[in-house]
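The values are calculated or read from the model by the stated rules, or taken from the named source; none is laboratory data. Remember, predicted model here, so these are calculated numbers, not experimental data. No Cβ is skipped: glycine too gets one built from the backbone with ideal geometry, and neighbour counts run over all protein chains shown. Accessible surface is based on the protein model in full, side chains and every heavy atom, while ligands, DNA and RNA are left aside. Shrake-Rupley method; radii C 1.70, N 1.55, O 1.52, S 1.80 Å.
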Amino acid sequence: PISEATSTNQVIHYQLADGTPVAKDYTAKVDFSRDGFKDLVTNADHWNAWTPNATQTFDAVASPVKAGYTVDHAQVDAVTVEPHHADLETTVTYSPDAQKATVKYIDDVTGKTLQTKELTGVSDETSAYTTESTINQYVGQHYKLVSDQTNGKPVVFDHDDGSDQVFEVHLTHTYQNVSQEHQVHQTIHYQFADGKEARPDYTAAVLAFSRTGTQDLVTENIQWNAWTPDQTFAAVNTPAVNGYTPDVQTV
């Protein structure tokens, strides 16, 4: 009696162009066997048929889907092999899809978008763009950082082909306290129609006022509070000049 057994293996690798695995290797195996007898006089072998069949088929295998990537083979086709067929090895390569990201710089005081940066790349790629220099420019214009969805790190593209990424950087204004003082003088001139002095000038005590406010250092606009204190110049009766009538009896 004689016998023989042989196997053929199939392995499918799923990887990126640089060899990084994307999914676990797919493996399969088919076995063949046969028996028979050897004529010890003639030394000839007499074989029965291979079992389970003279040929066997590896099924078609659909390639795993990876979001944001395109494969060079959507499936590995079925393959029929005979005994002693060489092992089968196939590599399915995944290429990253194009991606887009937008970084918006928003003024929280006005609600307006100050600037928009459009970025393009491919799935899972780390871009060279960070928000640092742009934020520093706005800080130099008296803005203050509120939040940064990139956390100050290089923007990394996702692998969602259905929607683009949006990162928001929120900024607010900085302010400073300001104050102002003002004096009001009152002088009353008493004179004849030709301009000559009729009575010495009346000069009231100076009224001093002050106010405080807040200046927006981005716009340079100032919001002032009311002047204080409330003050009034007293009424002043016009002095009499014999033989003359003043046009104003009381200022």
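Can you tell me how much longer the chain between Gln137 and Thr172 gets when fully stretched, taken as 0.36 nm per residue apart minus their C-alpha distance, in nm with one decimal?
Full extension from Gln137 to Thr172 adds 11.3 nm.
Please compute the contact order of the range 1-159 in relative form: average sequence separation of alpha-carbon pairs under 8 Å and at least six residues apart, divided by the residue count, as a percent.
With pairs under 8 Å counted, the relative contact order is 19 percent.
Which Cα, out of Leu207, Thr238, Thr90, lies furthest along the positive dipole direction of the chain (beta carbon charges, K/R +1, D/E -1)?
The residue sitting most towards the positive pole is Thr238.
Count the net charge of all other residues whose Cβ sits under 15 Å from the Cβ of Thr27, scoring Lys and Arg as +1 and Asp and Glu as -1.
With Lys, Arg at +1 and Asp, Glu at -1, the net is -3.
Please report the relative contact order for the range 32-126, taking Cα pairs under 8 Å with a sequence separation of at least 6, and give it as a percent rounded to a whole number.
Computed value for the range 32-126: 20 percent relative contact order.
Taking the chain as a Gaussian network, Cα atoms linked when under 10 Å apart, which of Val184, Val71, Val61 shows the biggest mean-square fluctuation?
Val184
For Rg/Rh (Cα atoms, Kirkwood Rh), one of (1) 1.63; (2) 1.42; (3) 0.97 was computed from the structure I shared and the rest are decoys. Which label?
Step by step, Rg/Rh (Cα atoms, Kirkwood Rh) for this structure corresponds to label (1).
Taking amide H positions as placed 1.01 Å from N in the peptide plane, with prolines and chain starts having none, which residues 5 or more places from His73, or on another chain, fall under 5 Å of its amide H?
Thr93
Under the definition of Cα pairs under 8 Å and six or more residues apart, what whole-number percent is the relative contact order of the range 174-229?
Value for the range 174-229: 38 percent.
Can you list the aspartates and glutamates whose alpha carbon sits under 16 Å from that of Lys100, skipping same-chain ones fewer than 8 residues off?
Glu118, Asp124, Glu125, Asp158, Asp160, Asp161, Asp164, Glu168
Any lysines with Cα under 23 Å of the Lys104 Cα? List them, leaving off those in the same chain fewer than 8 positions away.
Lys112, Lys117, Lys144, Lys153
Give me the 1.4 Å probe accessible area per residue for the range 16-79, excluding ligands and nucleic acids, in Å².
68 Å²
Restricting to bridges with both residues inside the chain, how much of the DSSP beta-bridge set is antiparallel, in percent to the nearest 5?
Bridges in the chain are about 80 percent antiparallel.
If exposed means no more than 15 neighbouring beta carbons inside 10 Å and the site is in a DSSP loop, what's the longest run of the chain without any exposed chymotrypsin sites (Phe, Trp or Tyr not before Pro)?
Maximal segment without exposed cleavage sites: 1-191.
Gain in length, Val146 to His46, computed as 0.36 nm per residue apart minus the alpha-carbon separation, to one decimal in nm?
27.3 nm
Give me the net charge for the shell around Gln115: Cβ to Cβ below 15 angstrom, other residues only, Lys and Arg +1, Asp and Glu -1.
Every neighbour counted, the sum reads -3.
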